[in-house]
Amino acid sequence: MRRPFQGVKNIVRFNWHYYLLSFSFVLLILLLQNFLPDKLRSATSIGAFLICYTIIVSLTVSCYVYDFSSLYRLSWLSTLKFAPNGKVLNVTAGFDETSELLKSAYRNGELFVIDFYNPDKHTEVSIKRARKRYPAFPGTQQVTTQQLPFDNNSIDKIFCVLSVHEIRDDNERIIFFKELRRVLSPEGKLVVVEHLRDTSNFLAYTVGFFHFHSRKTWHSTFGHSQLGLAREVDITPFITTFVLEKNGTAS
């Protein structure tokens, strides 16, 4: 059970350095204003306002996405019309808010959870803090992005919810998706849920949207991995779900 405002609290907790630097800079501007010429004083006031405004907007959007939208209620799963059984794989980077939810959603299935995080390759400080704060889901297997411990065609449903964007290197990401394709059953589905580097996320997160991959990048990854896009669903204006299958065959 998610706690009230858990999502936005986690964002602040895991990215506190960014907010500390931003508000320290605003405070410095305000302290120096009395020593600045009038024209420069006005410009710095506008700059301070814009910094505060973008932080408030980004946290408001994050609160909506992570605490009030259907993202973690998984109600969007019903639109995918997946069978409630079979073997289910949840792909995480070690910060796992979805395995317990998927376990409840697929009570008649068999859930496997993997953690591909490698501190030498995936260097975001926020994910390091998240991993320290939250223990891994029981039974989580540590894996590499080069090889997964599952047989060919053995998994019916694979979920990558806000995790695989942590793989920043294009080649590594393609190799990993080829592995996901290998273990996916012929009729299986691979679900990728991500923010995109698009206009909506730029308006919400400004330069923070560079942490996300573009739709073009995702489509390139899928194509190079021989995965076909069966459906694309917007959970919110800021979150997109790609439903993939082998060989690009239609569902």
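Structure notes:
- Accessible surface of the chain, 1.4 Å probe, proportion on carbon and sulfur as whole %: 59 percent
- Rg and Dmax, both from the Cα atoms of the chain and both in Å, are 20.3, 69.
- Taking amide H atoms as placed 1.01 Å from N in the peptide plane, the amide H of residue 158 lies under 5 Å from those of 89, 189, 190, 191, each 5 or more residues away in sequence or on another chain.
- If you run the Gaussian network model on the chain, springs between alpha carbon atoms under 10 Å, then out of 14, 35, 137 the most flexible one is 35.
- Full-stretch length increase - residue 219, residue 27 - with 0.36 nm per residue and alpha-carbon distance subtracted: 64.8 nm
- Per residue, in Å², the accessible surface of the chain once ligands and nucleic acids are set aside, probe 1.4 Å: 53 Å²
- Note, ³J(HN,Hα) from phi for the stretch 174-191, Karplus 6.51, -1.76, 1.60, rounded to Hz, x at Gly and Pro: 5, 4, 5, 5, 5, 5, 4, 5, 4, 7, 6, 5, x, 9, x, 10, 10, 10
- Choice from 147, 226, 33 with maximal GNM fluctuation in the chain (Cα, 10 Å cutoff): 33
- The length gained by stretching the chain between residue 104 and residue 247 to full extension, at 0.36 nm per residue less their Cα-Cα distance, is 48.5 nm.
- Over 24 Å between alpha carbons, listed pairs 121/178; 81/132; 87/178; 121/157; 132/157; 178/216: 81/132; 121/157; 132/157
- Relative contact order [Cα under 8 Å, 6+ residues apart], the chain, whole percent: 16 percent
- Debye intensity ratio I(q)/I(0), log10, the stretch 188-243, q values 0.13, 0.19, 0.25 Å⁻¹ (C-alpha model): -0.32, -0.65, -1.00
- Relative contact order (percent, whole number), the stretch 143-235, Cα cutoff 8 Å, 6+ residue spacing: 31 percent
The values are calculated or read from the model by the stated rules, or taken from the named source; none is laboratory data. Computed from a predicted model, the values in this text were never measured in an experiment. Quick note on the areas: whole protein, heavy atoms, side chains included, nothing else; ligands and nucleic acids left out. Shrake-Rupley method; radii C 1.70, N 1.55, O 1.52, S 1.80 Å.
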